[in-house]
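> Structure provided below as structure tokens; questions to follow.
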Amino acid sequence: MAAEPVSWDLAERVAVRVGGREPFAESYHYTSLQPDFDELTAEAEELVADATGLRSLAGPARARVTDRAGWVRANLASFRRLLRPLTDRFGERLAQSPLAAVTRTVSGVELGTMLGWMSTRVLGQYDLLLVEDEHPDEQDIVYYVGPNVIALEKRFAFPPREFRLWLALHEVTHRAQFTGIPWMRGHFTSLVEASLSAVDPDPKRFLAALGWAVEELRAGRNPLDDGGLVALLAGPEQRDVLYQVQGLMSLLEGHGDVTMDRAGASRIPNAGRFSRVLRERRASVKGLAAVVQKVVGLEAKLRQYEQGERFIAAVEAAGGPDLLAMAWRGPEWLPGLEEIRYPEQWIERVRQGVTVSG
């Protein structure tokens with residue numbers, strides 16, 4: 001029987017401890033969050049549908065307000081579903097190793113530390129439905145981390161309902177992308193599966209990755225800049241898939257930010273201030289936290305917002321929303337990571353009617 005390569009219970013305990021005390025969890029304001037987000041998530045769906053033409057084919061969104069520990073548990077469950085093909089393969093190799101117990105413990109501590117730190121930062125998240133026949137009631141949910149939302153509202157004197165609608169718009173846009181574009185979820189899942197299937201559970205692969213990293217550094221490039229440790233451990237084939245994922249996520253994150261601003265323009269007078277504060281918050285991470293961001297790939301994710309927005313601005317300047325809508329025609333029309341960085345390449349390809357295989 002294959003051994004679990006990660007101590008999931010330990011990861012949860014570590015993450016909850018790292019997430020720390022939530023000063024606003026007992027506040028009377030906390031009880032207003034679920035009714036507010038139920039109402040505002042539904043309103044956000046209509047605003048997003050009007051702004052983008054994307055309407056979910058999976059029914060109304062479900063909002064769930066949670067604390068940091070609840071967010072951690074939800075993400076651990078998603079990780080276990082998503083990573084099962086990979087952990088099963090590692091588990092088979094691990095079952096024969098005398099270091100199995102140590103490996104499980106170290107992996108659990110590392111994963112728990114990462115999720116615990118992230119739980120102090122995240123405000124909202126759309127949870128992708130990755131295993132449709134497994135606990136469907138616990139998937140396809142829009143999460144809001146209540147104490148973190150309240151903390152920002154109090155710190156910056158944000159009008160609560162306005163800020164909450166603004167958050168809902170971003171997360172609901174992601175849900176519309178994955179449930180309103182019929183092929184999107186399957187395409188994303190296939191990329192993730194291809195990425196995981198390319199991982200070889202062999203220490204030699206790690207040594208090869210270190211050699212590649214040295215070459216990147218000699219060339220003046222940081223090997224952690226495009227996807228963190230995942231990219232560092234990827235082989236050439238896996239990196240190609242990883243770049244496809246990064247190109248897709250840059251498009252979706254940029255589209256989410258642009259839609260959030262446009263869809264809420266008439267309802268959220270303070271949207272500009274909200275956006276400035278969160279951008280400064282993203283850029284304010286220093287010291288050890290900055291290292292953590294880079295290692296786990298969060299820094300690459302933060303750049304996705306900026307690159308995606310620049311790509312959308314360039315495309316719409318060249319051909320308006322109709323040109324951008326070409327990206328939703330099928331996987332072959334999506335921009336790659338290089339095209340995200342240099343939008344004129346994608347614009348030229350689309351205008352010539354040239355597709356690429358995913």
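> Compute the distance in nm between two label points, each set 7 Å from the Cα along the Cα-to-Cβ direction, one at ARG55 and one at LEU323.
According to this spin-label approximation, the distance is 2.9 nm.
> At GLN352 and SER32, where each label point lies 7 Å from the Cα along Cα→Cβ, what is the point-to-point distance in nanometres?
Label at GLN352, label at SER32, 5.7 nm between them.
Bear in mind these aren't lab numbers, they're just calculated from the coordinates by the rules spelled out. What you see is a predicted model; the values in this text were computed from it and never measured. Every residue, glycine as well, gets a Cβ built from its backbone with ideal geometry; the counts of neighbours run over all protein chains shown.
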